[in-house]
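Enquirer: The structure that follows is given in the form of structure tokens.
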Amino acid sequence: MNVLVEVKGLTKVFDGYKRAVDDISFEMYEGEILGLIGPNGAGKTTTLQMLLGLTTPTAGEIRIFGLDIRRAREEILRQVNFSSSYISLPFSLTVEENLTVFSRLYNVKEHKRRIRELLTIFEILDIKDTPTRRLSSGQITRVCLCKALLNSPRILFLDEPTASLDPDIADKTRTLLKSIKKEHGLSILYTSHNMREMEEMCDRVIFMDRGRIIAAGDPESIMRRFGGRSLEEVFLKIARPGR
């Protein structure tokens with residue numbers, strides 16, 4: 001399998017002593033959905049920030065598409081994208097205006113057609129002229145997912161992408177992401193606190209706790225290792241050691 005992301009000895013220390021990420025190493029392969037899970041404070045968000053070049057590692061190496069993130073960040077970011085339920089967009093712009101700005105940043109060809117296509121897929125074409133400040137949290141999440149797919153990325157980083165969606169739209173979103181992965185070979189790094197979602201979506205998962213990787217593998221192997229009938233049971237065993 002083709003390795004798209006290679007992480008070696010990645011470490012991030014804040015304030016000279018707090019190890020948010022502590023010497024982790026892993027690989028991400030082309031066409032897979034890799035889950036990053038763990039309790040709050042496990043180091044997931046810091047890891048994502050370092051993979052995007054937003055936070056500088058204290059130690060370690062990140063290579064994406066075989067390129068060092070420190071030396072080729074701009075080239076790498078042209079081929080990736082990111083979405084989170086907690087992103088803020090310019091409130092004074094309409095949905096279409098927001099997506100137009102991002103499409104120009106990514107040099108998207110025929111951006112009007114691409115924007116309309118994505119708004120239709122996520123069932124929000126009817127709000128394209130609505131100012132972002134008037135949107136619900138679920139609508140904003142779907143706009144952010146449209147933004148994340150504008151440039152047809154090879155790798156998509158998703159931080160709790162369905163957290164603010166109702167069950168129907170969340171299910172449609174998961175189905176859509178799996179379809180894109182299958183049809184276009186999209187690779188996705190996926191974080192969520194919804195363990196049922198992670199079981200459904202992920203080919204492999206990396207379980208983090210206190211900045212370290214404590215387990216990695218497909219969901220079934222993780223459940224067998226920790227004696228859980230579900231990832232949720234495993235999560236509780238790790239998050240509540242005395243359980």
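The values are calculated or read from the model by the stated rules, or taken from the named source; none is laboratory data. Note that the coordinates shown come from a computational prediction; the quantities given were computed from them, not determined experimentally. Here Cβ is always computed from backbone atoms with ideal geometry, including for glycine, and neighbour counts include all displayed protein chains.
Enquirer: Taking the conditions exactly as written (surrounded by fewer than 17 Cβ atoms within 10 Å (Cβ to Cβ) and either at pLDDT below 90 or part of a loop (DSSP other than H, G, I, E, B) (or both)), does Ser152 satisfy them or not?
Expert: The answer is yes for Ser152.
Enquirer: If I ask for residues that are in a loop (DSSP other than H, G, I, E, B) and exposed (fewer than 15 other Cβ atoms within 10 Å of the Cβ), which ones from the stretch 170-192 would you list?
Expert: Gly185
Enquirer: Something else about it: Is it the case that Lys109 is modelled with pLDDT under 95 and either charged (D, E, K, R) or in contact with a helix residue (DSSP H, G or I) (Cβ under 7 Å, 6 or more places away or on another chain) (or both)?
Expert: yes
Enquirer: Scan the stretch 1-8 and tell me whether some residue there is at pLDDT below 95 and closer than 27 Å to Glu75 by Cα.
Expert: Taking every residue of the stretch 1-8 in turn, at least one turns out to be at pLDDT below 95 and closer than 27 Å to Glu75 by Cα.
Enquirer: Does Lys178 count as in contact (Cβ under 8 Å) with a residue 24 or more places away in the chain and under 15 Å from Ile155 (Cα atoms)?
Expert: Judged against the criteria, Lys178 is a match.
Enquirer: Let me ask another. For the stretch 41-53, indicate whether the set of residues that are β-branched (Val, Ile, Thr), within 17 Å of the chain's Cα centre (by Cα), surrounded by 15 or more Cβ atoms within 10 Å (Cβ to Cβ) and closer than 22 Å to Ile180 by Cα is non-empty.
Expert: No, every residue in the stretch 41-53 fails to be β-branched (Val, Ile, Thr), within 17 Å of the chain's Cα centre (by Cα), surrounded by 15 or more Cβ atoms within 10 Å (Cβ to Cβ) and closer than 22 Å to Ile180 by Cα.
Enquirer: Next question. For the stretch 205-231, what are the residues that are crowded, with 17+ Cβ neighbours inside 10 Å and over 28 Å from Lys18 (Cβ atoms)?
Expert: Correct list: Pro219, Met223, Gly228.
Enquirer: Next question, about the same structure. Given Ala72, Ala20, Ala59, which one is in contact with a Phe, Trp or Tyr (Cβ under 7 Å, 6 or more places away or on another chain), at pLDDT 95 or above and either surrounded by fewer than 17 Cβ atoms within 10 Å (Cβ to Cβ) or more than 13 Å from Phe157 (Cβ to Cβ) (or both)?
Expert: After applying the criteria, what remains is Ala20.
Enquirer: All but one of (1) part of a loop (DSSP other than H, G, I, E, B); (2) touching a residue at least 60 places away in the same chain (Cβ under 8 Å); (3) among the charged types (D, E, K, R) hold for Arg70; state the number of the condition that does not hold.
Expert: (2)
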